[in-house]
Amino acid sequence: MAVPSFLWEQAVPAYVLSLRWSGKPPVHSVDVVAAGSPSLDAGGPILMPQEEVLTFIEKAPGRVVTNHLEARKHCPTTRRELLQELEKAGLLSKTLIPADGEALVLEPNR
């Protein structure tokens, strides 16, 4: 059972809702989320676990770039695992999963 995440329960919904319902288009069209399910050996997650990452991507108003993946013990989620979960949830089309060292060039909304 995951420890409740203050980040998801408090800050993220307010941020996403402010973008979605402000009546103004977002200044940007891309969010970045640490998707590796980071945790410490002694305790639970230190950022959003994978189910909350998927919810964030679902609720985000635009595309989402994932990072902080495959960092040995610290962030165990692999790109392949994330890709499979995104496919199951129907969220792959709005998510970018860059390779290590890959540079992304993103065009602004027009």
Can you give me the number of residues within region 85-110 that are exposed (fewer than 13 other Cβ atoms within 10 Å of the Cβ), of a type outside the set (Val, Ile, Thr) and free of Cβ contacts under 8 Å to residues at least 60 places away in the same chain?
12
Which listed residue, of HIS68, HIS74, is within 19 Å of PRO98 (Cα to Cα), at pLDDT below 85 and either acidic (Asp, Glu) or in contact with a strand residue (DSSP E or B) (Cβ under 9 Å, 6 or more places away or on another chain) (or both):
HIS74
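Between LEU7, LEU82, LEU47, which is at pLDDT 75 or above, assigned to a helix (DSSP H, G or I) and surrounded by 14 or more Cβ atoms within 10 Å (Cβ to Cβ)?
On the way: LEU7 fails: at pLDDT 75 or above; LEU47 fails: assigned to a helix (DSSP H, G or I).
Among LEU7, LEU82, LEU47, only LEU82 is at pLDDT 75 or above, assigned to a helix (DSSP H, G or I) and surrounded by 14 or more Cβ atoms within 10 Å (Cβ to Cβ).
The values are calculated or read from the model by the stated rules, or taken from the named source; none is laboratory data. For clarity, every value in this text was computed on a predicted model and none was experimentally measured. Because the Cβ atoms are built from the backbone with ideal geometry, glycine has one as well, and the counts that use them run over all protein chains shown.
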